[in-house]
1. Could you check the simple spin-label distance between Asp67 and Glu183, using points 7 Å along Cα→Cβ, in nm with one decimal?
2. Which ³J(HN,Hα) values, rounded to whole Hz and listed in residue order, are derived for the range 75-84 from phi using the Karplus coefficients 6.51, -1.76 and 1.60 in 6.51 cos²θ - 1.76 cosθ + 1.60 with θ = phi - 60°, glycine and proline given as x?
3. Between the DSSP loop rule and a limit of at most 12 other Cβ atoms within 10 Å, which GluC sites (Glu not before Pro) in the range 162-231 are left?
4. When the helix-only estimate is applied to the chain (DSSP H runs of n ≥ 4, each -39,500 (n - 2.57), divided by the residue count), what is the mean residue ellipticity at 222 nm, nearest 500 deg cm²/dmol?
5. Just the accessible area for Ser84, please: 1.4 Å probe, Å², rounded to the nearest 10?
6. By per-residue mean of other Cβ atoms within 10 Å, what is the highest-first order of 120-129, 42-51, 12-21?
7. In Å², what does the accessible area per residue of the chain work out to with a 1.4 Å probe?
8. Using a 7 Å offset from Cα along Cα-Cβ at His170, what residues in the range 114-157 end up with backbone N under 12 Å from the label point?
Amino acid sequence: MGAISAAVQVCRKRIDAACAEAGRTAECARLLAVSKTFPANAIREAYTSGLTAFGESYLREALDKLDALADLPLEWHFIGPLQSNKTRPVAERFAWVHSVEREKVACRLSEQRPSALPPLNVCVQVNVSNEPSKHGVPPEQALDLARRVASLPGLRLRGFMGIPEASPDHARSRFSLLRALLEQAQAEGLAVDTLSMGMSADLEAAILEGSTMVRVGSALFGSRNYKEETP
Ligand SMILES: *Cc1c(COP(=O)(O)O)cnc(C)c1O
């Protein structure tokens, strides 16, 4: 068995153990494999291990992999910062975007979504740590943006995404803030069902707070060797 297949099994066990600890059903959180910086062959191995949903952050790199893997029935998620002049290929080729943080980007994604495809699934990214350098809308603006996304015909609002600061002390409270937003959105009648939260280091904490989709990169593919953010 390859290293990635073994890592997929370990990760699934972690998810199931966390779901059990949380008193939730097994496989309560979907596993989104974050394949940024890793080659198409790594994604093929993950696919043969049963994974079908992959997350990418850098658009050019992602599009090369979508082309190279067009023979596989994969579900692609865009999870990185998205500039408004780069929305078209995302609207045309991805199933999900987790990182919507501006109304302008949402409007363009909606306009550019081909009508032959189902609406693009969208999570509003929330700056849960409230650090100015971080991506996402401030928590107090998240519901406004969510309502706007829900009103756009080419989009389907699914929920919220957030990335807590690396310190484990804060993870639970940041994740519970996202959960509170989801509950508020549901209370006002928005059809949301997704909390995209938890990564390699903190997926257990996220699942305890209600995560429905964990985004896991290094625990599946190994450590990345290039920088995290594009300008
Ligand atoms: C890179 C990345 C991940 C995966 O992080 P790991 O710590 O490698 O699991 C998850 N979410 C986003 C938005 C990312 O950019």
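1. 4.8 nm
2. With coefficients 6.51, -1.76 and 1.60, one gets 9, 9, 10, 8, 10, x, x, 10, 7, 5 Hz.
3. Working: sites: Glu165, Glu183, Glu188, Glu204, Glu209, Glu228, Glu229; in loops: Glu165, Glu188, Glu209, Glu228, Glu229.
Loop-located and lightly packed - Glu188, Glu228, Glu229.
4. Result for the chain, helices only: -13000 deg cm²/dmol.
5. Surface accessible to solvent at Ser84 totals approximately 20 Å².
6. Numbers: 120-129: 25.2, 42-51: 18.5, 12-21: 16.1.
Answer by packing, highest mean first, reads 120-129, 42-51, 12-21.
7. Working: 10560 Å² over 231 residues.
Normalised by residue count, the accessible surface of the chain is 46 Å².
8. 127-135
The values are calculated or read from the model by the stated rules, or taken from the named source; none is laboratory data. Remember, it's a predicted structure, so these values are computed and weren't measured experimentally. Cβ atoms come from the backbone with ideal geometry, glycine included; neighbour counts cover every protein chain shown. Surface areas here come from the heavy atoms of the whole protein model, side chains and all, with no ligands, DNA or RNA. Shrake-Rupley method; radii C 1.70, N 1.55, O 1.52, S 1.80 Å.
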